[in-house]
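First up is the structure itself, then whatever we jot down about it.
The values are calculated or read from the model by the stated rules, or taken from the named source; none is laboratory data. Every value quoted in this text rests on a predicted model; they were computed, and no experiment measured them. Positions of Cβ are backbone-derived with ideal geometry, glycine not excepted, and every protein chain shown enters the neighbour counts. Ligands, DNA and RNA are excluded from the accessible area calculation, which covers all protein heavy atoms including side chains. Shrake-Rupley method; radii C 1.70, N 1.55, O 1.52, S 1.80 Å.
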Amino acid sequence: MIVIVGDRRDPHVEAVRALLRHEGSAVSVFSRYDAEARVTIRVEEAHGPRISFRCDGEEFSGNEVESVWWRQKPFDVFGDRRTELECFKRREWHAMLDGLEDFLPFAKWMNRPSVQRRANHKPLQLAWALSAGFNVPNTAFTNSVDEVEGLRSAAQSIVYKPFTPLITAEGEAIFTTDVTDIDLDPAEDSIAYAPGIYQQLLSKHFEVRLIFVGDENFYFKIRSQERSETALDWRHDQEADMFEFQATPTDIAQLVRRFRALSGLDFGAIDLVVDATGAHYFLECNPAGQYLWIEHQTGVAVSNIVGAHLARPSDRVWVQDQMTSTTAPRSARLSTSRLMA
């Protein structure tokens, strides 16, 4: 049994679930938003610890779980009502689900909850990237106006980014913001209110979203500098036709392997900036990053590799230039013959 712990409203969850079922794999989605979902952990002297699930029309024990995709978001991007009772409910669910890995010790995880929680820490990501050999922009994670001023004096041009997403009820969001020219004196209270990410503004030739699934890398060049709307932050119009699938440069693939070894992640979406000299700068990694809209735009079916990774966790022998082969054995075709959607 393959279990996807996530939200059925997440299209990535539904895409991989449908693919796996089409290929004949047993897969269930466990969503805390599903009124019918049930999970039980029992600890008894006679039997020891046991875990069981009821979800997605299936009932099964932890012994039947071979793979888990932890697609649980650290923040509710789909917007729970933040009443006191809802906050309590959310805490209770996190307290239950965050410990699942300890009761499914033999399952293949993508990613382990404990690993993903740690990897969501943006300063640690940048430290890992630096240790792995990536170039990184000078960055201050701070709520000190003096530190922001010091960074601006050294870097000349800087941007602000939040640690976590903020999407209002009206659909407004905070994106990367150029704060090079703002007057910091009246902004001191706002800066002190909550820590933020203040970062050197890099000169961009193009950007990259690199998705890694186990040992496989998907390198998508983003022509963000062709339009003013996307020059500072391509998320302002991420549906625009600006994504191009390319082979991952050998040196970048090596850096990604090192980053994975340091972070322990089996899946992630790395955002990179490439300057005019070809130097790649690591910005961040989202351990539960999005890719489906790029898949639809480019025809590169990342979901197939996600499904194959979950369905055959011990048989990952495909390399990038073999992924479109149609001569692979039937057991491997989930990852190969349908790469180009």
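List of remarks:
- Of all residues in the range 206-228 being open to solvent by 90 Å² or more (accessible area, probe 1.4 Å) and over 24 Å from the mean Cα position of the chain (by Cα), the one that is farthest from Phe134 (Cα to Cα): Ser228
- Members of the range 259-291 found to be within 14 Å of Phe220 (Cβ to Cβ) and not in a strand (DSSP E or B), listed by number: Gly289, Gln290, Tyr291
- Listed conditions (1) buried (at least 17 other Cβ atoms within 10 Å of the Cβ); (2) modelled with pLDDT under 95 are all met by Val77, apart from (1).
- Restricting the range 282-297 to residues that are of a type outside the set (D, E, K, R) and open to solvent by 10 Å² or more (accessible area, probe 1.4 Å), the residue that is nearest to the chain's Cα centre (by Cα) is Asn286.
- Close pairs (6 angstrom Cβ cut-off, 6 or more residues apart or separate chains): on the phi < 0 side of the Ramachandran plot and modelled with pLDDT of 95 or more in the range 297-315, in a helix (DSSP H, G or I) and of a type outside the set (S, T, N, Q) anywhere: Val302/Glu295; Ser303/Ala15; Ser303/Val16; Ser303/Leu19; Val306/Val16; Gly307/Val16; Gly307/Leu19; Gly307/Leu20
- Residue check, Arg90 under 30 Å from Glu188 (Cα atoms), at pLDDT below 95 and not in a strand (DSSP E or B): no
- Contacts under 8 angstrom Cβ, first residue in the range 1-25 being touching a residue at least 40 places away in the same chain (Cβ under 8 Å) and open to solvent by 50 Å² or more (accessible area, probe 1.4 Å), partner among the hydroxyl-bearing types (Ser, Thr, Tyr) and part of a loop (DSSP other than H, G, I, E, B), 6 or more apart: Arg9/Tyr33
- Hits in the range 102-117 (condition: of a type outside the set (D, E, K, R) and outside any loop (DSSP other than H, G, I, E, B)): Phe103, Trp109, Met110, Pro113, Ser114, Val115, Gln116
- Of all residues in the range 131-164, those satisfying the criterion of being among the aliphatic types (A, V, I, L, M), under 20 Å from Val274 (Cβ atoms) and modelled with pLDDT of 95 or more are Ala132, Val136.
- If you go through the range 26-49 and keep only what is touching a residue at least 40 places away in the same chain (Cβ under 8 Å) and of a type in the set (D, E, K, R), you end up with just Arg32.
- Filtered by the rule that a residue be over 20 Å from Ala269 (Cα atoms) and among the charged types (D, E, K, R), the range 176-211 gives Asp178, Asp181, Asp183, Asp185, Glu188, Asp189.
- Per the conditions (1) farther than 21 Å from Ile167 by Cα; (2) touching a Ser or Thr at 6+ places or on another chain (Cβ under 6 Å), the sole criterion not satisfied by Arg8 is (1).
- Cross-chain or 6+ apart pairs with Cβ under 9 Å, the range 217-244 first and under 23 Å from Glu172 (Cα atoms), then aromatic (Phe, Trp, Tyr) and assigned to a loop (DSSP other than H, G, I, E, B): Leu232/Phe175; Asp233/Phe175; Arg235/Phe175; His236/Phe175
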